[in-house]
2 protein chains.
Amino acid sequence: MPSKKRVTVMRDVAKLAGVSHQTVSRVLNEHPNVKQETRTRVLEAMQSLNYRRNLAARTLVTRQSHTLGLIGFETTLFGPASMLYGIEDAARAAGYLVSIATVRNLERREVLEAVDRLSQHAVDGIIAIAPKPAVTNGLLQAPGGLYCVAVGGAGETDAVPTVRVDNAAGARLATQHLLGLGHRTVHHVGGPHDWPEAQERVMGWRDTLYEAGAVVPPVAFDSWTAEWGYRRGQELARDPEVTAVFCANDRIALGVLRALHEAGRPVPHEVSVVGFDDMPDSGYFLPPLTTVRQDFAELGRRSLTLLLQHMADTDEPEAPAHIVVTPELVVRGSTAPPPR
Amino acid sequence: MPSKKRVTVMRDVAKLAGVSHQTVSRVLNEHPNVKQETRTRVLEAMQSLNYRRNLAARTLVTRQSHTLGLIGFETTLFGPASMLYGIEDAARAAGYLVSIATVRNLERREVLEAVDRLSQHAVDGIIAIAPKPAVTNGLLQAPGGLYCVAVGGAGETDAVPTVRVDNAAGARLATQHLLGLGHRTVHHVGGPHDWPEAQERVMGWRDTLYEAGAVVPPVAFDSWTAEWGYRRGQELARDPEVTAVFCANDRIALGVLRALHEAGRPVPHEVSVVGFDDMPDSGYFLPPLTTVRQDFAELGRRSLTLLLQHMADTDEPEAPAHIVVTPELVVRGSTAPPPR
DNA sequence: ATCCAAATTGTGAACGCTAACAACAGCTAG
DNA sequence: CTAGCTGTTGTTAGCGTTCACAATTTGGAT
């Protein structure tokens, strides 16, 4: 009963326009050698038949799907979500669709699985949000002819082109800002111990303290969560020597802020706090958070550009490029000179 | 010079296994009538040749891409991002890949464009994060045979299956909680005026006040941002009658919290505040936010289930299903009985 | 042994598109 | 007037699968 609805195909258009299917194809692909008159005739026919090209057929013969793969992790967080947004935006502008494959944990096996899934679907390239080396390494296993780019991790691997933020520079900015305000030293609340990004931030912070001849307090690592910041914040609040805290990200800072407040140590009058990321609402924390801004969307766009560029360089497999984006300090109300 | 790397195809596997290509196909698709022995022989051949099926060819003939489309809006926010996550997770489990098409603003034209893009890529179905009617309407224009589901909007349209949260019920929960604590009435800070979700929350709140015989204060609408909450919070803080504020979402609540704090009106001792959403860090606001929790990931999963189910019901185009998920109240530290 | 049904395998022919080449027009130059 | 170019169009042959059907084998039951 449900009539077999035949969809219009190239041949139908060709017949209506009185040309061969190949000419239709030429019009579709903007081949130069088509007479203006025929072109319009074909276009009209397409219009009136509401023709849409079958991309599967096209992919089959050209081996190009005009689809890009995105391997993501914890895409519910602000950072990754923004990168996804930036990537998708740029991809659409370049005529690509993006397909996503999320990994639940950053194991090599999962990454390989994601690469496999994407490559079966014939993606033309892959961008991986790759905060840990396992991802970058997994990428190397991608079948030949599949271009990959890693974004947002630390800069260890050389084999895959990467786009990343200079975390150490960001940490420097934060630390220098606090030292510049007159703090004797700066404490740090670390992220997860095994994340290169967290490590780089520690290094930038530590180096800055060294150079300034300041005491380097011990660091504790755990996670990226507010809960961790709260826990660690309670400990730091007990130590009257603590007047400045640099947190590995804004969520941790939020927890620290709460802990300090509850311990009766007003921010910024007694203790200054700096975060990292600049999430959308960090400016409305109590007090508004001074933080290091990463432009995630820009990171995403840059990675896409890099991927496309890499895909275009067919013959020259030159050394993979590495783009490093420098973050900037956003000063708000959570930092001030130390008391007295 | 770069040798034309021929990828292994079904015929290669067939030759190595000493069978016809069709038998290979049967093994691949788990057709029952294949002798156990041949099956293993074929599987071994696949393994040793590292064969991957070409999905484009398969799509061409079966007209099924095993890809689902997701139309998203502002995917950088926590809600949409979580839904995306839930959807992707469930989709993978069901053997589907998810392709995304973000729209920058919720206009009909943009939605149509997104549908078109996805349908050209031969997605088998579309899930739209559809907070406004324009999206749902746009979905109706999808070419025949393309199944669509809308998630997360308000429940107006009947033509498309939907999964949504009972916003009115959530607002009721919040309002009743505050009235139950002894507040004479509850003020509300609205979201964007033209979002059905924002409207539903207003209605749930208003109805509850009516039923309790409480005064219904005026509502102001603007956006979902902390900035708006801050602005509106400053106004409310000036009114000593205000002892309870229900915010259309957690971000607004964050702004309100800051405004109240700066105005010297302690929360919850003088003023109680309730949010909506339960974002990951709401429990670490100052004070920890009492809020209405929506399980976004679950919403995503449910929508995927609904879509698959809808796709399976080939013959019976029965009335579109509407799933309504009830949110729950999470009581934290931002609510207390009114002063005195 | 014989025959029928079921199980297993093989053989074209699509699917809708692009690539490669052939064919034909119109034009310029000799 | 003809050779040779350029611009435009048509023809044929895949791309790698699955589908429909035919062919073959197998396994009882007669």
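How many residues does the range B:219-256 hold that are in a loop (DSSP other than H, G, I, E, B), under 22 Å from B:LEU173 (Cβ atoms) and either out of contact with any Lys or Arg (no Cβ under 6 Å at 6 or more places or on another chain) or within 14 Å of chain A (Cβ to nearest Cβ) (or both)?
Qualifying residue count for the region: 6.
How many residues are of a type in the set (S, T, N, Q) and in contact (Cβ under 8 Å) with a residue 40 or more places away in the chain if we restrict to the range B:37-61?
3
Across the range B:51-64, what is the number of residues that are open to solvent by less than 100 Å² (accessible area, probe 1.4 Å), part of a loop (DSSP other than H, G, I, E, B) and either among the polar types (S, T, N, Q) or within 11 Å of DNA strand C (Cβ to nearest atom) (or both)?
Total satisfying the criteria: 2.
Quick check on my filter: what residues within the range A:89-101 are within 12 Å of chain B (Cβ to nearest Cβ) and either assigned to a strand (DSSP E or B) or open to solvent by 20 Å² or more (accessible area, probe 1.4 Å) (or both)?
A:ASP89, A:ALA90, A:ARG92, A:ALA93, A:GLY95, A:TYR96, A:LEU97, A:VAL98, A:SER99, A:ILE100, A:ALA101
Being within 13 Å of chain A (Cβ to nearest Cβ), under 18 Å from B:MET83 (Cα atoms) and open to solvent by 10 Å² or more (accessible area, probe 1.4 Å) narrows it down to one residue among B:ARG104, B:ARG164, B:ARG117; which is it?
B:ARG104
Quick one: in the range B:12-26, of everything that is more than 8 Å from DNA strand C (Cβ to nearest atom) and over 15 Å from B:ASN54 (Cα atoms), which residue is least open to solvent (accessible area, probe 1.4 Å)?
B:ALA17
Could you go through the range B:62-84 and let me know if any residue there is more than 11 Å from DNA strand D (Cβ to nearest atom), in contact (Cβ under 8 Å) with a residue 40 or more places away in the chain and away from chain A (no Cβ under 11 Å).
Within the range B:62-84, one or more residues are more than 11 Å from DNA strand D (Cβ to nearest atom), in contact (Cβ under 8 Å) with a residue 40 or more places away in the chain and away from chain A (no Cβ under 11 Å).
For the range B:263-280, which residues satisfy the criterion of being more than 16 Å from B:PHE78 (Cα to Cα), open to solvent by less than 20 Å² (accessible area, probe 1.4 Å) and within 13 Å of another protein chain (Cβ to nearest Cβ)?
If the condition is that a residue be more than 16 Å from B:PHE78 (Cα to Cα), open to solvent by less than 20 Å² (accessible area, probe 1.4 Å) and within 13 Å of another protein chain (Cβ to nearest Cβ), then B:VAL273 is the only one that fits.
Report, by residue number, each residue of the range B:299-339 that is assigned to a helix (DSSP H, G or I) and at pLDDT 90 or above.
Scanning the range B:299-339 gives B:LEU299, B:GLY300, B:ARG301, B:ARG302, B:SER303, B:LEU304, B:THR305, B:LEU306, B:LEU307, B:LEU308.
Which one is nearest to the other protein chains (Cβ to nearest Cβ), of the residues in the range B:38-61 that are of a type in the set (D, E, K, R) and more than 11 Å from DNA strand D (Cβ to nearest atom)?
Checking each candidate, the answer is B:GLU44.
Just checking, how many residues over the range A:32-49 are within 12 Å of DNA strand C (Cβ to nearest atom) and open to solvent by 80 Å² or more (accessible area, probe 1.4 Å)?
Residues flagged as within 12 Å of DNA strand C (Cβ to nearest atom) and open to solvent by 80 Å² or more (accessible area, probe 1.4 Å) within the range A:32-49 amount to 2.
Determine, yes or no, whether B:VAL24 is β-branched (Val, Ile, Thr), assigned to a helix (DSSP H, G or I) and in contact with a helix residue (DSSP H, G or I) (Cβ under 8 Å, 6 or more places away or on another chain).
Criteria met by B:VAL24.
Those residues that are open to solvent by 10 Å² or more (accessible area, probe 1.4 Å) and over 22 Å from the mean Cα position of the chain (by Cα), I need them from the range B:281-298; list them, please.
Correct list: B:TYR284, B:LEU286, B:PRO287, B:PRO288.
If you go through the range A:67-82, how many residues are modelled with pLDDT of 95 or more and either within 16 Å of DNA strand C (Cβ to nearest atom) or in a helix (DSSP H, G or I) (or both)?
So the answer is 1.
The values are calculated or read from the model by the stated rules, or taken from the named source; none is laboratory data. A quick note: this is a predicted structure, and the numbers were derived from the prediction, not measured. In this analysis, Cβ positions are derived from the backbone assuming ideal geometry, glycine residues included, and neighbour counts consider all displayed protein chains. Protein only, heavy atoms only, side chains kept; ligands, DNA and RNA dropped before computing areas. Shrake-Rupley method; radii C 1.70, N 1.55, O 1.52, S 1.80 Å.
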